[in-house]
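To start, the structure under review is shown below, and the notes come after it.
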Amino acid sequence: MSAAATAGTYSPASSAGEKRRERKEELRRHLAEDADWPRADGRSFHDCRPAFMQTGPTTAASGSAYAEFGKTKVIVSVFGPRESKKAMLYSDTGRLNCNVSYTTFATPIRGQGTDNKEYSAMLHKALEGAVMLHTFPKTTVDVFALVLESGGSDLPIIISCASLALADAGIMMYDLVTSVSVSCFGKNIIIDPTSDEEAWQDGSLMVAYMPARKEITQLTLTGEWSDGKITNAVELCMDACSKLCDILRERLKDASSLAE
Amino acid sequence: MEPNNEQFTNSIGDAPLHRCQHSPHLATAAFSSSVAAASGDPRCGAQPRLDGTVRLSTDRLDASGDGVAGGSFPHCGRPPPLWPHPGGLLPNRRPLALRRSIFPCPRPRLASAREFARRRLRRSPSREQRYAPAAPRTMVGLSEGEKHFIRGGIAQDLRTDGRRRLQFRAISVETGVIPQANGSARVRLGATEVIATVKAELGKPSILHPDKGKVSIFVDCSPTAAPMFEGRGSEEFSAELCVALQRCLLGGKSGAGAAIDLSSLIVVDGKVCWDLYIDGLVVSSDGNLLDALAAAIKVALSDTGIPKVNVSLSATTDEEPEVNVSDEEFLQFDTSSVPVIVTLTKVGKHYIVDATSEEESQMSSAVSVSVNRHGQIRGLTKRGGAGLDPSVIFDMISVAKHVSRQFISVLDSEILAAEAAE
Amino acid sequence: MAATAMDHDGGEVVTPGELLGNSSLLAGLGAYADGRCVRASITGHRRLVPPPPGSTDQRSTVEVVGHKAHGAVPQPGSVVIARVTKVMARMASADIMCVDSKAVKEKFTGMIRQQDVRATEIDKVDMFQSYRPGDIVRALLSLGDARAYYLSTAQNELGVVSAQSITGGTLVPISWTEMQCELTGQIEQRKVAKEATIGILDKR
């Protein structure tokens with residue numbers, strides 16, 4: 001990737017909720033700062049890693065995108081719409097075929113990234129609501145994601161990167177989908193966790209969001225959460241998603257003006 | 001549905017026994033467990049209510065308890081169970097044959113349509129490595145009229161089998177069905193039937209967590225349940241269920257919020273622990289498999305006895321400790337924190353609980369929330385492609401919390417009854 | 001791609017999901033109506049098209065002219081140009097090359113079944129007397145089955161538009177069932193497309 005492209009940072013503002021929540025948030029941040037474990041990369045709890053995204057790394061594909069969030073590096077290629085495989089059952093509408101794979105060197109231990117089948121399913125679920133499947137009847141759009149380096153929050157980054165690649169391929173979409181996850185540590189919520197942070201989290205929550213339409217396409221939650229925190233975390237994620245989406249839009253517009 | 005107030009009526013006869021005001025925007029949920037032969041309740045489409053029926057209605061009922069909430073059936077010999085009182089143990093189980101006989105066959109027309117769809121699906125399943133977008137169960141062959149009927153019914157709060165939107169089907173629970181396992185349970189939710197087994201084996205704790213045992217969850221969708229569970233389609237579908245269950249039961253990576261306290265499974269620190277294998281089997285599928293499986297796992301865990309282990313520590317610490325497994329003494333799990341899953345399926349503008357396959361085929365999206373006894377959310381999964389407004393999701397979570405409380409208490413009384421019957 | 005630079009001068013670049021206007025506009029290509037507003041569905045330049053003169057709806061159409069749109073996809077009812085790859089007793093298979101007027105980027109397989117070759121006497125069709133591998137065929141597309149698109153040439157304007165004889169010379173149509181080799185004068189059997197009316201077909 002050339003040095004010309006700037007890394008855009010985005011962080012959800014503390015004004016994600018109403019004013020009342022804002023004050024609460026402020027309080028929490030102070031509490032967080034009192035905690036004796038600053039985040040390893042020097043971020044505050046509600047800071048996302050700098051996001052670097054670019055379209056068009058692979059020329060053979062209809063569309064492609066590269067994303068780098070801290071250590072996490074993902075490349076997504078989109079092929080098609082092309083003829084569905086012969087073994088598939090007949091379908092009037094188009095299909096979205098998603099596949100996530102890890103390079104053998106993506107993880108500290110070689111070939112460890114095994115949960116990619118689950119990720120493939122999750123990627124599909126996050127994107128299918130955003131793609132206008134009826135515009136390419138009976139054909140398939142293949143979305144292949146390759147994680148070059150796994151550095152935490154892999155799935156949200158794959159989702160955001162895949163939606164950028166789909167847009168780059170010119171696939172009709174209702175909206176771009178961006179995704180952000182948060183980890184819960186006791187009372188603290190930290191956004192865009194790294195893999196070290198993910199390994200010790202008490203709970204995690206991931207939101208895939210269509211910012212312009214204000215719709216959540218995918219939401220998963222595990223571990224220990226109290227109700228108030230869920231609302232808070234979802235709003236935090238949604239705000240970060242909107243900001244990430246602005247970066248995506250910028251990249252698409254850059255690519256569009258470059259093409260002329 | 002624009003629910004306004006919530007009342008929790010547990011009515012036997014005319015007066016509600018128990019009522020509490022919760023969050024004001026929730027639905028009125030009248031919840032009654034009734035023992036009945038066929039009753040002429042016009043609103044239920046002459047659907048007789050069974051022993052242990054979970055009724056959650058969103059009717060704005062007044063306290064007089066009209067047809068829906070009123071679970072009084074004078075010709076029934078014994079009093080209906082009072083719950084939420086898990087302790088109030090009543091033998092509310094009936095012989096299976098009797099249950100079957102009073103359960104009328106629902107619309108045969110739909111059944112034949114589904115059968116047709118299944119036969120059509122018998123064709124060769126895809127063999128390639130891809131994620132099938134439509135889960136096999138959504139492929140129910142319905143005509144336009146039938147679809148309209150289902151959607152219209154849900155909009156009017158009267159579903160095709162006579163239930164209301166937030167009403168479960170009859171649930172029946174049996175424990176100890178698999179003698180080979182340490183704990184097992186069979187749960188029937190309408191025509192959906194699942195079996196969950198818990199098997200404990202001695203193993204070695206992982207290096208990363210030497211003070212914790214291991215729990216793994218697997219789900220198998222048997223092709224005997226439905227022809228569509230043949231081949232790869234079922235693999236993906238069961239993997240989806242499996243992931244959802246893991247997410248809801250195993251908690252965060254640090255172990256917080258897990259349904260089972262992993263440190264209770266340790267025998268010797270860093271050396272010996274119990275490996276718990278939780279297996280779910282779908283015997284018959286008519287929608288809402290996730291809720292049924294989670295319920296079955298909860299019941300199976302409460303049925304599980306882990307053999308008591310005597311460890312004779314040898315002098316040198318390097319040696320493998322000698323482990324003596326008792327076959328007489330068993331330890332019971334603390335299952336109080338095992339959550340149940342409540343899936344809210346959105347059809348049109350409304351959402352329903354405990355959807356049948358036909359209803360699931362009409363869903364735009366579904367949110368499965370796992371809630372424990374204390375009303376804490378332990379996991380959440382969304383299915384279906386359509387996007388949801390955040391406020392709708394929050395609304396669904398609070399409804400799921402409310403529904404789960406009643407679901408748990410029904411399950412508790414069923415567990416006690418099942419144990420008593422054993 | 002289809003749009004030239006002239007088409008979108010000045011039009012701002014929009015990305016999927018971005019608001020293009022409210023319900024006072026109609027959604028055109030690359031846009032969709034979402035409740036009361038119109039949003040973009042692809043990346044490209046926003047362009048306003050005034051209503052055609054004499055139409056009852058006075059609203060302008062807003063469209064997004066893509067800087068990059070995905071390749072053409074066979075839609076049911078489109079007229080395609082295909083190259084015959086294999087001829088069997090009951091059907092011939094063909095690779096689709098153009099959908100309407102656009103070339104496809106990916107490989108799409110079509111199938112001309114025996115009963116779809118011509119409109120009359122469909123049970124007497126001999127596939128080998130209708131098509132040969134390498135023929136360029138104009139056909140009407142339907143979605144077909146799981147394996148292939150179905151192509152139909154059961155209209156006068158549909159059938160072989162270009163073919164080579166065994167010797168390699170160009171075949172010239174002489175009737176609706178026969179073509180003649182330019183070099184040798186040999187006559188070969190084909191289901192020949194009536195050439196004059198391409199324009200009519202393209203408008204459907």
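Worth a mention:
- Number of the exception - A:R110 against (1) away from every other protein chain (no Cβ under 14 Å); (2) on the phi > 0 side of the Ramachandran plot; (3) modelled with pLDDT under 90: (2)
- Being in a helix (DSSP H, G or I), among the polar types (S, T, N, Q) and touching a strand residue (DSSP E or B) at 6+ places or on another chain (Cβ under 6 Å) is a condition met by no residue of segment B:259-269.
- Residue satisfying condition, being crowded, with 19+ Cβ neighbours inside 10 Å, away from every other protein chain (no Cβ under 14 Å), within 25 Å of C:A72 (Cα to Cα) and not basic (K, R), within set C:A148, C:A92: C:A92
- Among residues of segment A:180-226, those that are at the interface with chain B (Cβ under 7 Å from one of its Cβ atoms) and of a type in the set (K, R), counted: 2
- Selection within segment B:361-397: residues that are more than 8 Å from chain A (Cβ to nearest Cβ) and part of a helix (DSSP H, G or I). The member of this set that is surrounded by the most Cβ atoms within 10 Å (Cβ to Cβ) is B:M396.
- Residue that is modelled with the lowest pLDDT, among those in segment B:185-218 that are part of a strand (DSSP E or B), under 21 Å from B:D261 (Cα atoms) and among the β-branched types (V, I, T): B:V215
- Residue match in segment C:96-113 (condition: surrounded by 15 or more Cβ atoms within 10 Å (Cβ to Cβ) and touching a Cys at 6+ places or on another chain (Cβ under 8 Å)): yes
- Residue pairs meeting the criteria (Cβ under 6 Å; at least 6 apart or on separate chains; first over 24 Å from C:E195 (Cα atoms), in segment C:144-161; second among the charged types (D, E, K, R)): C:R147/A:K86
- The combined condition, being more than 10 Å from chain A (Cβ to nearest Cβ), in contact with a Phe, Trp or Tyr (Cβ under 9 Å, 6 or more places away or on another chain), not in a loop (DSSP other than H, G, I, E, B) and not hydroxyl-bearing (S, T, Y), is fulfilled by B:L344.
- Qualifying residue in segment C:137-154 (condition: more than 26 Å from A:T139 (Cβ to Cβ) and modelled with pLDDT under 95): no
- Filter result (out of contact with any Ser or Thr (no Cβ under 6 Å at 6 or more places or on another chain) and in a strand (DSSP E or B)) within segment C:110-132: C:G110, C:I112, C:R113
- For segment A:62-104, the candidate set comprises residues that are assigned to a loop (DSSP other than H, G, I, E, B), of a type outside the set (K, R) and touching a strand residue (DSSP E or B) at 6+ places or on another chain (Cβ under 8 Å); within that set, the residue that is farthest from the other protein chains (Cβ to nearest Cβ) is A:T103.
- Count - residues of segment C:18-51 that are within 12 Å of chain A (Cβ to nearest Cβ), surrounded by 14 or more Cβ atoms within 10 Å (Cβ to Cβ) and in a loop (DSSP other than H, G, I, E, B): 6
- Where a residue in segment A:51-62 is touching a residue at least 12 places away in the same chain (Cβ under 8 Å) and its partner, wherever it lies, is of a type in the set (D, E, K, R) and in a strand (DSSP E or B), with Cβ under 8 Å and at least six apart: A:A51/A:E68; A:F52/A:E68; A:M53/A:E68; A:S62/C:K105
- On inspection, B:G287 qualifies as part of a loop (DSSP other than H, G, I, E, B), buried (at least 24 other Cβ atoms within 10 Å of the Cβ), within 20 Å of the chain's Cα centre (by Cα) and of a type in the set (G, A, S).
- Given (1) surrounded by fewer than 18 Cβ atoms within 10 Å (Cβ to Cβ); (2) within 14 Å of chain B (Cβ to nearest Cβ); (3) touching a residue at least 60 places away in the same chain (Cβ under 8 Å), number of the condition A:D246 does not satisfy: (2)
- When restricted to residues that are at pLDDT 85 or above and more than 15 Å from C:E12 (Cα to Cα), segment C:53-66 contains 3.
- Residues that are modelled with pLDDT under 90 and among the β-branched types (V, I, T) do occur in segment C:31-52, at least one of them.
- Taken together, A:L258, A:L236 contain a single residue that is touching a helix residue (DSSP H, G or I) at 6+ places or on another chain (Cβ under 9 Å), more than 8 Å from chain B (Cβ to nearest Cβ), over 22 Å from A:A145 (Cα atoms) and of a type in the set (A, V, I, L, M), which is A:L236.
- For C:V62: the one exception among (1) touching a residue at least 40 places away in the same chain (Cβ under 8 Å); (2) surrounded by 14 or more Cβ atoms within 10 Å (Cβ to Cβ); (3) in a loop (DSSP other than H, G, I, E, B); (4) not basic (K, R): (3)
- Scanning segment A:126-146 for residues that are more than 7 Å from every other protein chain (Cβ to nearest Cβ) and either more than 18 Å from A:P81 (Cα to Cα) or not in a strand (DSSP E or B) (or both) yields A:A126, A:L127, A:A130, A:L133, A:H134, A:T135, A:L146.
The values are calculated or read from the model by the stated rules, or taken from the named source; none is laboratory data. The shown structure was predicted, so the numbers you read here are calculated from the model rather than taken from an experiment. We place every Cβ from the backbone using ideal geometry, glycine too, and count neighbours over all the protein chains shown.
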